[in-house]
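See below for the structure under consideration.
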Amino acid sequence: QVHLVESGGGLVQPGGSLRLSCVASGSIFSINIMGWYRQAPGKERELVATITSSSRTYYADSVKGRFTISRDNAKNTVYLQMNSLKPEDTAVYYCNINWLRTVNYWGQGTQVTVSS
C-alpha cells in the first residue's frame, strides 16, 4: 500500500505563487511517474504536470512557463512550484504516483484558490 500526503495549498492573489508538496510512503517501485492533477468545480480532473523517476517532465499547455514540477527521489517527494497564478488555476490539486501502467495511487487533494 502507498500513501500520498499533499501540502501547500491555500488562497493567493492573481499573479502570486504557491508551492505544493507531496510525500509518498509505503511500498514504492523505484521506476515510477509522479504527477499533479487538478479538478475545478463542475469540471473533470485534468493533468497538470508529471515527472519520471529519471526527471523527465511533461506539462499541460495551460501551465507551461508558469509551473515547475520537481522531485526528490531520496525523500519520495514531488513538488509543484506555481507562479503567475490565475483565477482559472483555482482547483483541488491531487498528487499521483504510478508505475508499470497498472499501479496507481492518489492523494487526498489540496485546495488552491486564486482570487483577489
I'm trying to understand the selection: among the residues of the stretch 1-23, which are assigned to a loop (DSSP other than H, G, I, E, B) and in contact (Cβ under 8 Å) with a residue 40 or more places away in the chain? Gly8, Gly9, Gln13, Pro14, Gly15, Gly16, Ser17
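Confirm whether Tyr58 is open to solvent by 20 Å² or more (accessible area, probe 1.4 Å), within 17 Å of Val103 (Cα to Cα) and either assigned to a strand (DSSP E or B) or of a type in the set (Asp, Glu) (or both).
Values: open to solvent by 20 Å² or more (accessible area, probe 1.4 Å): yes; within 17 Å of Val103 (Cα to Cα): no; either assigned to a strand (DSSP E or B) or of a type in the set (Asp, Glu) (or both): yes.
In short, no.
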Being open to solvent by less than 40 Å² (accessible area, probe 1.4 Å) and either small (Gly, Ala, Ser) or in contact with a Gly (Cβ under 9 Å, 6 or more places away or on another chain) (or both) is the filter here, so list the residues in the stretch 1-19 that pass it. Val2, Leu4, Glu6, Gly8, Gly9, Gly10, Gly16, Leu18
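Taking into account only those residues within the stretch 102-116 that are farther than 15 Å from Tyr37 by Cβ and assigned to a strand (DSSP E or B), which is least open to solvent (accessible area, probe 1.4 Å)?
Initial filter on the stretch 102-116 (farther than 15 Å from Tyr37 by Cβ): 102-103, 113-116.
After this cut, where a residue has to be assigned to a strand (DSSP E or B) as well, the list is 103, 113-114.
Details: Val103: 38, Thr113: 43, Val114: 6 Å².
Per the stated criteria, the residue is Val114.
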Please specify each residue of the stretch 72-101 satisfying the condition of being without any contact (Cβ under 8 Å) to a residue 60 or more places away in the chain and open to solvent by 80 Å² or more (accessible area, probe 1.4 Å). Ala74, Lys75, Glu88, Arg101
Which numbered condition in (1) part of a loop (DSSP other than H, G, I, E, B); (2) open to solvent by less than 70 Å² (accessible area, probe 1.4 Å) is the only one that Ser30 fails? (2)
Could you give every pair whose Cβ atoms fall below 8 Å, whose first residue belongs to the stretch 35-49 and is at negative phi, and whose second residue is in a strand (DSSP E or B) and among the acidic types (Asp, Glu), counting only separations of at least 6 or pairs across chains? Tyr37/Glu46; Arg38/Glu46; Gln39/Glu46
Taking the stretch 78-101 and keeping only residues that are over 11 Å from the mean Cα position of the chain (by Cα) and part of a strand (DSSP E or B), one is left with Ala91, Asn98, Trp99
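The values are calculated or read from the model by the stated rules, or taken from the named source; none is laboratory data. The shown structure was predicted, so the numbers you read here are calculated from the model rather than taken from an experiment. For neighbour counting, all protein chains shown are included, and Cβ atoms are generated from backbone atoms with ideal geometry for every residue, glycine included. For the accessible areas, the whole protein counts, side chains as well, though only heavy atoms, and no ligand, DNA or RNA atoms are used. Shrake-Rupley method; radii C 1.70, N 1.55, O 1.52, S 1.80 Å.
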